[in-house]
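Throughout, read-outs are computed from the coordinates displayed, never taken from laboratory work. The shown structure was predicted, so the numbers you read here are calculated from the model rather than taken from an experiment. As a convention, Cβ positions derive from the backbone with ideal geometry for all residues, glycine included, and neighbour counts pool all protein chains shown.
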Amino acid sequence: MRVLKSTLLVFFCIQFLLQLPQAQAQNTELNRISAVERSDGQGYVVRYHLSSPVDSFEVYQPAENLIQMILYSSDLDTVNFRKPDPTSVFSSIDVYSLPTGFAVDISLGEGHYFNTNVYPDQNRKDLLLALTSVSRSGMTGLNEDMQPIDWGHYAGDTFADSDFSFFDDDEFSRFNGSSLDVVVIDAGHGGRDPGSIGVGGVREADIALKVALKVGEYIEQNIPDLKVVYTRTDDSFVGLAERGQIANENDGDLFVSIHANSFSHSNVHRQRSANGAEVYFLGMARSQSALDVMKRENAVIRFEEEQTQQLTEEDLLIYELTNAGNMRISEELAVQIEQQFRERAQRRSRGVKQAGFQVLYEASMPGVLIEMGFISNPDEARFLNSEYGQAIVASAIFRSIRDFKLRYDKSQNRQTSSN
Ligand SMILES: [Zn+2]
């Protein structure tokens with residue numbers, strides 16, 4: 001049986017190699033293979049840096065310490081590819097040139113067991129191999145009755161030298177159109193959805209709109225080459241999917257969603273004492289409090305006539321695996337906003353966090369969701385409801401966007417001049 005299966009597989013591979021059309025020659029370049037530890041700590045993501053998407057791919061685990069992949073592409077160029085360095089997890093990564101693509105053997109260090117999934121990156125041409133840590137007995141993808149495929153048998157040599165890194169330096173500097181020229185300012189809630197109601201009847205929707213308009217005004221006055229798009233400019237209701245659609249249709253490069261927090265607790269003292277700003281970017285929530293904020297913000301869906309398709313845990317996992325570039329930019333911006341709040345606006349900061357905000361998911365670009373403070377806290381409600389408080393918060397957000405754009409433009413210039 002074992003022999004039969006491996007014979008069949010080899011036969012299948014040969015068939016494939018012979019049958020794939022070689023006619024339209026579109027060069028696919030494999031530049032690099034990198035691996036990062038997953039943000040949930042449950043494994044790794046191996047990225048194949050490609051200049052154009054491959055036609056198809058397959059993955060096999062013929063042994064517990066070996067993952068074999070075939071990437072089919074009509075014309076493959078590996079001129080600039082260099083072989084990765086070994087690490088304790090990945091004891092070797094070898095690439096073999098085949099007539100119709102290439103094969104990759106990933107040998108794993110002792111004691112590292114993974115289940116595998118392959119996803120095409122949604123923003124880029126790359127292919128991602130997601131490795132989820134499991135115990136030896138938890139491996140579900142193991143093809144034990146299959147012999148490892150000897151690629152050398154089919155074609156070319158393996159590639160020499162090393163270019164394997166655990167950090168992607170090039171991921172920070174990518175936007176849709178490669179430059180940052182459109183920022184989408186999203187005032188949370190509105191219309192029949194007032195958002196949280198704070199001390200003295202302060203409405204989250206109203207504060208969010210006032211701050212959003214101020215941020216936009218500052219940008220328009222000071223950064224003329226950055227276009228501002230609003231998801232709403234008055235007290236009207238806009239669904240979560242529609243907000244994303246507005247952002248996407250306007251080719252937004254950054255999405256900034258503005259909200260105010262609220263804490264409800266049976267103990268009135270505790271309810272009124274919660275305070276501070278939080279900045280979120282999209283990802284799996286790592287704490288109960290982040291989950292609570294996420295649930296409250298996503299609950300907007302109940303006001304919608306045509307309800308937005310709800311984000312599942314699996315959607316989020318796939319998002320995390322396939323949007324590393326967006327996540328990095330989002331985190332970068334979130335950190336800058338948080339710093340501005342803490343250092344310049346002298347607000348108490350509750351830090352940068354991740355959660356599965358539907359609105360950030362709908363806008364397919366890097367983005368952050370800002371909880372400016374707690375309107376369930378009398379002091380913060382007063383501050384955020386004052387023209388002065390709104391100006392301080394808005395200018396902190398504005399400065400973060402400005403500094404971010406400056407840094408980004410600089411890094412682009414560096415790249416252009418070094419090319
Ligand atoms: Zn909100």
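Applying the criteria of a DSSP loop state and at most 10 other Cβ atoms within 10 Å to the trypsin sites (Lys or Arg not before Pro) of the stretch 350-419 yields no site. Taking each residue as 0.36 nm, the span from Glu387 to Ser273 lengthens on full extension beyond its C-alpha to C-alpha distance by 38.8 nm.
When you filter the GluC sites (Glu not before Pro) in the stretch 249-358 for DSSP loop state and at most 13 other Cβ atoms inside 10 Å of their Cβ, you are left with Glu305, Glu306. Hey, for a label at Asp379 modelled as a point 7 Å past Cα toward Cβ, could you say which residues of the stretch 308-342 have their backbone N under 16 Å away? What the label zone holds, given the 16 Å backbone N cut-off, is 342. For the stretch 247-277 versus the stretch 38-57, the inter-centroid distance based on Cα atoms is 33 Å. Placing pseudo-labels 7 Å out from each Cα toward the beta carbon at Ile318 and Glu306 gives an inter-label distance of 2.1 nm. Ranking of Tyr113, Tyr48 by neighbouring Cβ atoms within 10 Å, starting from the fewest: Tyr113, Tyr48. Of the residues His259, His49, the one with the fewest other Cβ atoms within 10 Å heads the list, and the complete ranking is His49, His259. The tail of the calculated P(r) for the stretch 230-371 beyond 25 Å holds 27 percent of all Cα-Cα pairs. Near Asn275: Cβ cut-off under 10 Å, other residues only, Lys/Arg at +1 and Asp/Glu at -1. The net charge is +2.
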